[in-house]
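The values are calculated or read from the model by the stated rules, or taken from the named source; none is laboratory data. Computed from a prediction, not measured in an experiment: that's the story for all the values here. Here the Cβ positions follow ideal geometry from the backbone for every residue, glycine too, while neighbour counts run over all protein chains shown. Ligands, DNA and RNA are stripped out before the accessible areas are found, and what is left, the full protein with its side chains, is counted by its heavy atoms. Shrake-Rupley method; radii C 1.70, N 1.55, O 1.52, S 1.80 Å.
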Amino acid sequence: MTHDHDLVLRPTAAQTEAALNPPPGRNGGDLVVETLTGLGATTVFGLPGQHALGMFDALRRSDLAYIGLRVENNAGFAADAYGRITGEAAPLLLSTGPGALTSLAALQEAAAASAPVLAISSQIPSAGLGGGRHGYLHELPDQQASFRGVVKSVHTVRTQSQIPSAIAEAWESALTAPHGPVWVEIPQDVLLAETSLPVVTAADAAPHDLPPRPELTAVAAHLLSTAARPAIIAGGGVVRADASGKLRQLAERLNAPVVTTFGGKGAFPWNHPLSLQSWLEDRHTTDFLEDADVLLVVGSGLGELSSNYYTFKPRGRVIQIEADLGKLESNHPALGIHADARLALSALLETVPEREDETAADRVRTVLDLVRERIDAQELTLEQRVLAAVREALPDRSASFWDMTILAYWAWSAFDARRSNTMHSAQGAGGLGYAFPAAIGGAVADPTHPVLAVSGDGGALYSIAELATARQHNLDVTWLIVDDGGYGILREYMTDAFGQSTATELSRPDYVALAESFGVPGVRTTPDTLADDLAKSLATPGPSVVVLPALLRMFAPTHLD
């Protein structure tokens, strides 16, 4: 009797011959790129460095496409976006020490947003590992310690034979729910040494499924089907699990209003009768959710931004579906279901019956009317005009990437993403400089549609060097820079708190002239011409820059009342 686990795939005669006589001139770097290819990777991001040259030399002997950015942190943001759009692990090739450490902020964002990034870094020569002070260039006593608290898993290689298995293990970790960045480091001498190992032809690293426990979904289905006022909060986990269709089916079956978090934009149709949209920073929405007798939270940890800065205090029963075990019940007691959002929603759809509620749509309209009245009373017509112009110009299928800037804060609450997995921002970790390099990664991931990046002038200076990358690869990225002469949101925060701002004003370049110096066309626009100028730039192949000089204001918060 033969069991499946006893089956062994036997090599063909040709495969045996190739394994016994591998091509000459290969090194440890070839094992890296061969493993990536075997796992299904087609594109890598990164920046070369002295200790990593073995990997980069191997790239020219591979079929992998290489997108080289100018700063390691920006390369990390590009890989993050590529992972978000494709759902694939995005390889990020880095050098030792300063090169590796410069990527940390991007990897923190990938971790916060559950973006699958496979960072592969070089290390000092093997003889220097172990914490001694040998004086190697780029030496750190314990490089991986700098990443252990940021990434999902850390994998250290010490010999060439460990390379394929370590990368495959890291790949599996990155793509097992919850997705996230992982770290592999390989010493310089291991990468450079000639190898006699056979060519890596295939690698098995299938991610594990994370199904819900049936006894928990049975209880959840009962609570939802017997609720008088159910409501749903849909987070980024719904987007990452490609579960927006399942979410809509369940909401309509339950007649349950749905609010999407800022990371869950597009998970539920914006203009659906049951859509509370994304006004999470509004007390009217908070009050409505607190009044739900059963609240289903899918793919969200209800962190600071998703809980109106922790002022949200649910009074009813909470059901939380979350793939990240650390987020389960971390902020509110709940019926915690540790599961992938798609699998859990599918399980609920198998048992939840139709629930009649003729008042749900009316209650949603009432909340949205109250929100609209509050915003309209603040005389913020310029901000709403600018955001509407961006929405008008951006094709429905185009992805947009938003930096930490006032217009993005408006977009979190007020922008209709129209489609799932098209609106992305740095709201996970909250670092500056995300939008443009992320848009580069988005354009590489899907070259069939133009991509938009939105930054303030302060955030733009973090990634201005990547205009050279966009031009070199002729990527279809339009960059909208809202120029208000400083860190606008920090200016508002400080003025509100202290009566005046400090260290927020910036001397800045002529962004149009600067873009043109890179060979990238630029245009200076106004709120009245923004929609047309942006649409024209998006419709023109290749990179472009649109600069909007404007002083935008943020709507008043409700969590401080």
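Results, tabulated for the structure shown:
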read-out: For the range 132-259, convex hull of alpha carbons as volume per residue, Å³; value: 168 Å³
read-out: The chain: radius of gyration over Cα atoms, expressed as a fraction of 2.2 N^0.38 Å; value: 1.02
read-out: His332 paired with Glu392, simple spin-label distance in nm, labels 7 Å along Cα-to-beta-carbon; value: 3.8 nm
read-out: Spin-label proximity, His449 to the range 393-419 - amide N less than 15 Å from point 7 Å beyond Cα toward beta carbon; value: 393-402, 416-419
read-out: Using alpha-carbon coordinates, inclination of helix 104-113 to the longest axis of the chain, degrees; value: 50 degrees
read-out: Convex hull of Cα atoms in the range 25-84, direction-averaged projection (nm²); value: 4.2 nm²
read-out: Using a Förster distance of 56 Å, the FRET efficiency for Thr359-Ala193 (Cβ separation, nearest 0.05); value: 0.20
read-out: Average projected area [Cα convex hull, the range 264-391], square nanometres; value: 9.0 nm²
read-out: Within-12-Å neighbourhood charge of Ala203 [Cβ basis; K, R +1; D, E -1]; value: -4
read-out: Alpha-carbon radius of gyration plus Dmax, which is the widest Cα pair, for the range 109-166 in Å; value: 13.1, 37
read-out: Highest-first arrangement of 470-482, 436-448, where packing means the average Cβ count within 10 Å; value: 436-448, 470-482
read-out: Spacing of the two label points (7 Å from each Cα toward its C-beta) at Glu516 and Ser146, in nm; value: 4.0 nm
read-out: Translational diffusion coefficient (Stokes-Einstein; Kirkwood radius from C-alpha pairs) of the range 490-550 at 10 °C, 1.306 mPa s, in µm²/s; value: 116 µm²/s
read-out: The chain: relative contact order in percent, alpha carbon pairs under 8 Å with at least 6 residues between; value: 13 percent
read-out: Computed FRET value (nearest 0.05) for Thr156 with Thr502, which takes r as the C-beta separation and R₀ as 35 Å; value: 0.20
read-out: CD proxy at 222 nm, helix term only [per DSSP H run n ≥ 4: -39500 (n - 2.57); per residue of the chain; nearest 500]; value: -11000 deg cm²/dmol
read-out: Lys, Arg +1 and Asp, Glu -1 on Cβ, resulting dipole of the chain about Cα centre, debye, nearest 20; value: 260 debye
read-out: Lysine pairs within the chain, Cα separation less than 25 Å, 8 or more sequence positions apart or different chains; value: 7
read-out: The chain - percent of accessible surface contributed by carbon and sulfur, probe 1.4 Å; value: 52 percent
read-out: Cα-based convex hull, the range 234-304, per residue volume (Å³, whole number); value: 83 Å³
read-out: Accessible area of the chain divided out per residue, in Å², using a probe of 1.4 angstrom; value: 40 Å²
